[in-house]
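S.K.: Below you'll find the structure I mean.
Just so it is clear, none of the values below were taken in a lab; they were calculated from the coordinates. Computed from a predicted structure; not experimentally measured. With ideal geometry, Cβ positions are generated from the backbone for all residues, glycine too; neighbour counts draw on all protein chains shown.
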Amino acid sequence: MSRYVKSDQAPPVSISVSQNLLTSSKTIKRLVGLTSLCRDDHVIEIGPGKGHITEVLARICGRVTAVEIDPAMCARTVARTAAFLNVNIVDHDFLTWRLPSHGSYKVFSNIPFCITTPIIRKITESANPPDDAWLVMEKPAARRFAGMPRESLRSLLLKPNFEVEIVCQLRRDDFHPRPSVDAVLFHMRKKPQPDILPKHWRSYERFVTDGMTNATGLLRRVFTKKQLSVALKQAGMKRVPVSGEMRYVQWLCLFRSYLMTH
C-alpha cells in the first residue's frame, strides 16, 4: 500500500491553500500523455489534493512522492492510492520540504496558482533541480516565465538553465472550482550544460536585472563605444536596443561579450 510520512514540522497557522483541482481521469491522462514520464522515473507531485493525479502517476511511474500541506487532503490521497506500493505521501509544506539532494527525478503537478513563483524558484534554484517539470499553472504566469511576448526578468533568469515551453491550454471547466483565468501545462527541461557557468551567475543576474531597468544605460556604461559596436554585431543587432526588444539569445550574447571585456 502507499506509504504515508507524517511531517515533523509545527502545523502552520493556516493550512488551507487555494487550489483549482483537476478531477477528470480523462483530462489527467491526456496531460500526462503529453510528457515523457515512464516506469523508470521518480516523479514528485506538489499538492496532490484528493489524489486524482497521484493515482494516474502511480500507474505510469516507478516511484511517486506526493507532498501535501493539508492533513485532510493527505488522508484522501492515501485512501485513493492505497493499492499502490510505489507511492509516498508526505504531510509537509512543499516550500519548506527538502527536494532530493542527489539522483534524477521529475516533477508533475497542478500547482496552487497563488504560490506559482515561489514553487518555480524552489524547483529551479535547487542544488539538484529536476530533469523535467510539468506544471499546470495560470496562463499569464506561464507566458511571463516563457518570455512571451517579451522577455521578463523571470524568463531571463530561467532560460540559462532550462528549456521552457507552453505545452497546451486547458479549459476552465476542467477544474473544480472553475478558475477565473486560463490555465496551461508548462514544461521546463534542464539543459545538459547551462548557458551560464556557476562562477558567472551573480554577474549575469546583475547584468540582466540592471538591463531590464535600463538596457541602453547599462550597455553604454559597461562597454566602450567600439566594444559596444562589436557586441551588438555579435548579438545580431544594428543599434542599441531598449529592454523589451531583446530576446534571451541576444541578452546571452551581450553578456558573453561583457565577460570578454571585463
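S.K.: With the requirement that a residue be surrounded by fewer than 17 Cβ atoms within 10 Å (Cβ to Cβ) and closer than 19 Å to L99 by Cβ, what does region 41-87 give you?
M.R.: Once the filter is applied, which keeps residues that are surrounded by fewer than 17 Cβ atoms within 10 Å (Cβ to Cβ) and closer than 19 Å to L99 by Cβ, region 41-87 yields only G62.
S.K.: Say we look at region 167-185 and pick out the residues that are touching a residue at least 24 places away in the same chain (Cβ under 8 Å) and assigned to a loop (DSSP other than H, G, I, E, B); which of these is surrounded by the most Cβ atoms within 10 Å (Cβ to Cβ)?
M.R.: Ranking the qualifying residues of region 167-185, first place goes to P179.
S.K.: Which condition from (1) more than 25 Å from T116 (Cβ to Cβ); (2) of a type in the set (K, R); (3) surrounded by 15 or more Cβ atoms within 10 Å (Cβ to Cβ) is the one that R189 breaks?
M.R.: For R189, the exception is condition (1).
S.K.: On to the next question. Which one of L158, L170, L185 is touching a Cys at 6+ places or on another chain (Cβ under 7 Å) and under 30 Å from N20 (Cα atoms)?
M.R.: On inspection, the qualifying residue turns out to be L185.
S.K.: I'd like the full set of residues that are in contact (Cβ under 8 Å) with a residue 40 or more places away in the chain and not in a helix (DSSP H, G or I), limited to region 66-85.
M.R.: Matches in region 66-85: I69, D70, T81, A82, A83, F84, L85.
Yes/no matrix, rows are residues, columns are (1) within 29 Å of Y105 (Cβ to Cβ); (2) in a loop (DSSP other than H, G, I, E, B):
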{"residue": "P160", "(1), (2)": "yes, yes"}
{"residue": "E165", "(1), (2)": "yes, no"}
{"residue": "H187", "(1), (2)": "yes, no"}
{"residue": "I196", "(1), (2)": "yes, yes"}
{"residue": "R202", "(1), (2)": "yes, no"}
{"residue": "E205", "(1), (2)": "yes, no"}
{"residue": "M212", "(1), (2)": "no, no"}
{"residue": "L219", "(1), (2)": "no, no"}
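S.K.: Under the condition of being within 18 Å of G147 (Cα to Cα) and of a type in the set (A, V, I, L, M, F, W, C), which residue from region 204-234 is farthest from the chain's Cα centre (by Cα)?
M.R.: A215
S.K.: Restricting to region 139-162, name every residue that is within 18 Å of I115 (Cβ to Cβ) and touching a strand residue (DSSP E or B) at 6+ places or on another chain (Cβ under 7 Å).
M.R.: Result: K139, A142, F145, L158.
S.K.: What's the number of the condition S104 fails, among (1) assigned to a helix (DSSP H, G or I); (2) touching a residue at least 60 places away in the same chain (Cβ under 8 Å); (3) surrounded by fewer than 19 Cβ atoms within 10 Å (Cβ to Cβ)?
M.R.: (1)
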